[in-house]
Amino acid sequence: MKIIESECLPGKTIAQMNLQTQRMLGQQSTAEFNGLHVDALQIGQINEMRQGPEIRRKNNCIVNTGGKLTREEVERRRKEHRAKFEVAEDVWTSIVLPRPDNPLVLLDRKREELKSLAKELDDVVARIAAIEQTESLDQVTGTKRPRE
């Protein structure tokens, strides 16, 4: 996948990319779109409107309830999608995937963010401990303090 190869979404796996593609298309099966350059959101809008007793959904994606599609059926659908939805070559060839910052810089940012979150968690734990200690002392002395 060119998106994975470009590293414009560092840390994303192929499985995550496939799942996001399914969500955008609004359907679980993506075989009929392999090799095509389509606007997935446009197809997703069409699939969102599809209704009927034969349409089954799982997590808002249409799932196949019949048998496995034959190679001929997949090819037929691919040709149909190419005619209906394929984006012009000059459009998709002009798309430039952004290069991420130096991965080491990105890693440093993530480490700083993790340190900040750890400090915030320590502060919350300390505040909870202080409240619990105050409530424990109040029970021993029989005093009641107004809640903050």
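Pairwise over distinct Cα atoms, reciprocal of the mean inverse distance: report the Kirkwood radius of segment 1-68 in Å, one decimal place.
On the way: mean 1/r = 0.0763 Å⁻¹.
One over the average 1/r among Cα pairs gives 13.1 Å for segment 1-68.
Nearest 10 degrees, 0 to 90: what angle lies between the long axis of helix 40-49 and the longest principal axis of the chain (Cα atoms)?
Helix 40-49 sits at roughly 90 degrees to that axis.
Near K115, which aspartates and glutamates are there with a Cα under 18 Å away, not counting those fewer than 8 places off in the same chain?
Within reach: D123.
Under a straight-distance cross-link criterion of Cα-Cα below 19 Å, which aspartates and glutamates are reachable from K12, leaving out those fewer than 8 residues away in the same chain?
D101, D108, E113
In Å², and per residue, what accessible area does the chain have when probed at 1.4 Å with the other protein chains present? Present the calculation step by step, with values, prior to reporting the outcome.
Working: 12350 Å² over 148 residues.
Per-residue accessible area for the chain comes out at 83 Å².
Gain in length, K84 to A130, computed as 0.36 nm per residue apart minus the alpha-carbon separation, to one decimal in nm? Working shown, then result.
Numbers: separation 46, 0.36 × 46 = 16.56 nm, distance 6.44 nm.
Value of the extension gain: 10.1 nm.
As I understand it, the value is the acute angle between the Cα axis of helix 14-25 and the longest principal axis of the Cα atoms of the chain; what does it come to in degrees, rounded to 10?
Between the helix axis and the principal axis of the chain, the angle is about 70 degrees.
Using only the alpha carbons, work out the radius of gyration and Dmax of segment 5-148 in angstrom.
26.3, 81
The values are calculated or read from the model by the stated rules, or taken from the named source; none is laboratory data. Since the model is a prediction, treat every value here as computed from it, not as a measurement. Ligands, DNA and RNA are stripped out before the accessible areas are found, and what is left, the full protein with its side chains, is counted by its heavy atoms. Shrake-Rupley method; radii C 1.70, N 1.55, O 1.52, S 1.80 Å.
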